[in-house]
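The values are calculated or read from the model by the stated rules, or taken from the named source; none is laboratory data. What you see is a predicted model, and the numbers here were worked out from it, not measured in a lab. Positions of Cβ are generated from backbone atoms using ideal geometry, with glycine treated the same way; all protein chains shown enter the neighbour counts. Remember, those area values only see protein heavy atoms, side chains included, never the ligands or the DNA or RNA. Shrake-Rupley method; radii C 1.70, N 1.55, O 1.52, S 1.80 Å.
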Amino acid sequence: MQNHCAVPNCTSGKSDPLFRFPFDPERSKKWVEKCQRQDLMDKSPGQLYRYYRLCGKHFEKSSVESDSQSTVLKDDAIPTIFDVPSQPQNGQVKRSKQTIKPEETDKEGGKKIKLSPAETAEKDAKTVPDEEEYKEYLKSLFEVLVLLGEKSIPPTGPGDNKQDGLGSSNFESLLEYRMNCGDEVLKKRYDVNKECCSSAQLNQLIEACEKFIRGKLMEEVQQNGYFSLLTDDLVRISGEWYLPVFLRYVDQSNCQRERFVGCLSFEGDGDALAEKLLSEMTDKWGLDMEQCRGQAHSCSGTHFSQVKRFAAKLTERYPTAVLTLRSTRPLNLSLANGMALSGVQLVMSTFRKIESFFSQSPLLQLELEHAISIFYPDKEEKAKELKEICRTSWTRGNDAFEVAGELLEALLLCVDSVHDNEDMRWDDQVTHNALEISKALADFEFVMALVVLKSVLTLTQAFGKNMRGRAADAHFAAASLKAVFHSLKEVSDNIDVYHEFWNDEAMNLAAAMEIPVKVPRSFLRKHQLDSGAIRPEIHYKEHLSVPVVEHITREMNELFCEDHVKALRCLSLVPAVIEQYKSTEPDEENVQVFKNNIPNAGTLSAELHCWWVKWSKKGKGETFPSNLHDTLQLADVKFFPNMLAVLRLIGILPTLALEDSCDVAYKRFQMYIEHTPDKFKSKSLALLYVNNDVEYDLDSMVEVYMRTYPDREGL
C-alpha cells in the first residue's frame, strides 16, 4: 500500500483522506485516466485496489460522505478535480521490461548460442509471467513489512520458535492472514516452500527497505541545498554501538526540516573510526558533505572523546561545517555530559536514576513532596514552587544543578524513607533502587561535584536559556556572549578564592546531611594512597574545580566560534527584532559570513537596507513575525533573494530550537529507542518508523531489492 496520493505532484497532507481504487474494472480504468498515470494503465483492478490511493482533494464534495467516525466515498464516485501535468512526474514513469537477448550462455561450454525467434518468444512467454509473479510476491512482503514498521511492531516478535523460519512471528501471522483473504501469489509460494518468507529473506527485505528510504531522504536533502549534520547519544542495538545521524535543512516551501537518516556502526577507535564514519556517509549513503554548513553532537561519558575526534575530522575535511550546540539538549547539560571527571559523571548518572525512580509511581512523587514540606516548614511558597518543579522532567532542564542543590536534603530523606520501608509499602526492586540513589547522594564526591557544577554553570545558565528561546532571545544571547567569557575568565584567574567558597558550601551541606568529608576511595586505591595522604580540599581543587572551569571555557569557545556567533547575530533580520531595535540597522559584517552562499553578494548592502526600512516602521495594529519559521513564510521574502538565502542558512543552524511541527524526527526516534525492547531493536526498522511520512512506492522497493539481491535461489 502507498501512503500517499497517486496523482503526480499532489500536495495532499496527513489530514486528507486516502481512498482505494475501485475493484470495478470500468471505474478503475476511469480513475487511472483521470489522474493521468500512464504507468498504471496495464495494472489490474486488483493491483490498483491493493497498492494505490487517491486523496479527497480530487473528488467533489458531493461524492464524499463523512461523519465524526469516518470519511467514505459514494459507490459511483469519480475523481474530477485535477491540476497536474499531462506526463507522469516524480519518477512515476513506467519502466520498460527488459527483453531477453537472443544470445544465451551455454551452461556446459560457456559459449554464446543464438536462439531462433521462435525459441526467444517461447522463453519470453515463460520468463515474463514468472518475473511479474515474483514482483507481486515481493510487493506483498514489503506491504506487510511497511505496515508493521510504521507502527513500530517488530516483525520477528513476539517469539521465534522455528529454527529456520519465522515461527509465530508478527510478520508470518500477517502473511497467513493475507493468504486466508485470498492472496494467491503468497499461497502458491507457501505451497512450494512450506513458508512464505525465510528469516534470511526477511533480513534482506528490511535492508532493502532501509536502502530505499535512505535513498529517498538523500534525494530530498540534496534537492534543498545546504544542510547541517547532527548526531545523538550512542545507542546499543544487537550488542553493538551505533551513532544516530540526523540532517537539518530548509525545504522548497521554506520550512525547517530535520530528518533521521540512519545509524552508523561505532566500532573502532581514533582517526580510523572517524574516517570510517565519514566514508560510510559519503560513499555508501551518497551524502554530499560539500553542502554541509553546520554540525552538532550530543554525547556523554566514555564515547565523548571519540565523537569529538569525529567532529574534528569533519571540520578538518569540510571547514564550512561549523561546530555548534544542538538545540535538543540544554547547554548546561551538554557541557556537563562532556566531562569525564568521576564526580561529574556520578552526578549525571544519579540524575538519570532519580528521573527513572520517581517516574515509576505517583506515590513516590508524593513521598518526595512530603519530604519537601518537612524541609521548608516556614516557606510555603518555596515548597510549592519546588513541588511543581518536581512534577516536571527537572533533571533534564538547563537549571537542573541549581534545582538539585535546593532539593538535595529532601531527596535523601525521601529515598532513605523508601528504603527503610517501615510500613511495607514498596517492593524489593523499589527499595533497592532507593538504596542506590541514597548511596550516591550521601557521597561527598557527589555533593562537592554538584556544588561546583551549580556554581560554574550559573554563569552560562541565562545564556543557554535565551539560546533556546525566540529569535529576539537568541539574538540577545549572542550579543551577551562576551560577558559570559569574561565571567569564566574571572573565575579561572581567581580559582583559589572561588574553590574555597565552593568547598565551604559543600562542607556545610555535608555536615547538615551527616555525610563524612573525604577523598574518593577509588582515587586513593588507584594511586595507592592512605586516607590521610591528601587533604580533601586540595584534591577537589585539582581534580574537580580547575578541570570543570577549564572544560566549560574550552567547550564554549569551540561551540560558539566567531562565524557561529555572527550567524546567530543575523537573527536581527527577523522583523520583530528589527522593530525592537529599529534605531539600529542590522550589521552587514555579520551577514557577510554568508557571502559565498548568497545569489548576489554585490547587491547585499542595498538589499539589507531595503529589508531594514521595510520592517523598521510598524503600522497601528500590525504584527510582525517574531521567529525564523514565520519570517521564512512571508510572501514578500521572495523579492529579497539575498535575505531569503541568509534566512535559510540561519534556519539550518543546529543551535536554534525548531518549531514543534518541525521536530518530529527526533521525538519519534526517542520513542522508538525508549519503548522498543532491546531484542527487537533494529537500525533499519528505526529508519522506517521515524520516517513514516516518506512516500513509499512498493514498485521501487521491489526494484531496489532485485538489484541488491539478484539471486533468487531458495526464495
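Taking the numbered list (1) crowded, with 17+ Cβ neighbours inside 10 Å; (2) charged (D, E, K, R); (3) within 22 Å of Ile515 (Cβ to Cβ) in turn, Glu369 passes all entries but (3). The residues of region 577-598 that are assigned to a helix (DSSP H, G or I) and open to solvent by less than 30 Å² (accessible area, probe 1.4 Å), listed by number, are Val577, Ile578, Asn590, Val591, Phe594. Looking across region 383-406, the residues that are free of Cβ contacts under 8 Å to residues at least 12 places away in the same chain and either of a type in the set (Val, Ile, Thr) or farther than 22 Å from Ala442 by Cβ (or both) come down to Ala383, Lys384, Glu385, Glu388, Thr392.
I need the full set of residues from region 407-460 which are closer than 26 Å to Pro547 by Cβ and free of Cβ contacts under 8 Å to residues at least 24 places away in the same chain, in order please. Scanning region 407-460 gives a single hit, Lys439.
Every condition in (1) under 23 Å from Leu687 (Cα atoms); (2) in contact with a helix residue (DSSP H, G or I) (Cβ under 9 Å, 6 or more places away or on another chain) is met by Lys313 except one, and the failing one is (1). Glu659 meets the conditions (1) in contact with a helix residue (DSSP H, G or I) (Cβ under 7 Å, 6 or more places away or on another chain); (2) more than 27 Å from Arg329 (Cα to Cα); (3) surrounded by fewer than 17 Cβ atoms within 10 Å (Cβ to Cβ) in every case but one. The failed one is (2). Looking only at region 437-447, decide whether some residue is open to solvent by 50 Å² or more (accessible area, probe 1.4 Å), under 16 Å from Ser349 (Cβ atoms) and out of contact with any strand residue (DSSP E or B) (no Cβ under 7 Å at 6 or more places or on another chain). Yes: region 437-447 contains one or more residues that are open to solvent by 50 Å² or more (accessible area, probe 1.4 Å), under 16 Å from Ser349 (Cβ atoms) and out of contact with any strand residue (DSSP E or B) (no Cβ under 7 Å at 6 or more places or on another chain). Before we move on, is Cys561 in contact (Cβ under 8 Å) with a residue 40 or more places away in the chain, out of contact with any helix residue (DSSP H, G or I) (no Cβ under 7 Å at 6 or more places or on another chain) and closer than 30 Å to Cys299 by Cβ? Here the answer is yes, as Cys561 does meet what is asked.
Only residues that are more than 25 Å from Leu544 (Cβ to Cβ), buried (at least 17 other Cβ atoms within 10 Å of the Cβ) and among the polar types (S, T, N, Q): list them for region 296-355, please. Of everything in region 296-355, those that are more than 25 Å from Leu544 (Cβ to Cβ), buried (at least 17 other Cβ atoms within 10 Å of the Cβ) and among the polar types (S, T, N, Q) turn out to be Thr324, Ser327, Thr328.
For region 623-661, the set of residues classified as of a type in the set (Phe, Trp, Tyr) and in a helix (DSSP H, G or I) consists of Phe639 only.
Counting only helices (runs of 4 or more DSSP H) that fall entirely inside region 469-542 and contain at least 2 residues that are aliphatic (A, V, I, L, M), open to solvent by less than 80 Å² (accessible area, probe 1.4 Å) and without any contact (Cβ under 8 Å) to a residue 12 or more places away in the chain, the qualifying elements are 495-512.
Would you confirm whether or not region 426-444 contains a residue that is at pLDDT 95 or above, under 30 Å from Gly651 (Cα atoms), in contact with a Leu (Cβ under 8 Å, 6 or more places away or on another chain) and of a type in the set (A, V, I, L, M, F, W, C)? No.
For the condition open to solvent by less than 10 Å² (accessible area, probe 1.4 Å), at pLDDT 85 or above and part of a helix (DSSP H, G or I), Leu174 does not qualify.
When region 175-199 is examined, which residues are found to be in contact (Cβ under 8 Å) with a residue 40 or more places away in the chain and under 32 Å from the mean Cα position of the chain (by Cα)? Within region 175-199, Cys197, Ser198, Ser199 qualify.
For region 431-466, filtered to residues that are among the acidic types (Asp, Glu) and part of a helix (DSSP H, G or I), the residue that is nearest to Tyr498 (Cα to Cα) is Glu445.
For Leu653, the test of being open to solvent by 30 Å² or more (accessible area, probe 1.4 Å), within 22 Å of Ala478 (Cα to Cα) and modelled with pLDDT of 95 or more is failed. Of all residues in region 389-405, those being in a helix (DSSP H, G or I) and open to solvent by less than 60 Å² (accessible area, probe 1.4 Å) number 9.
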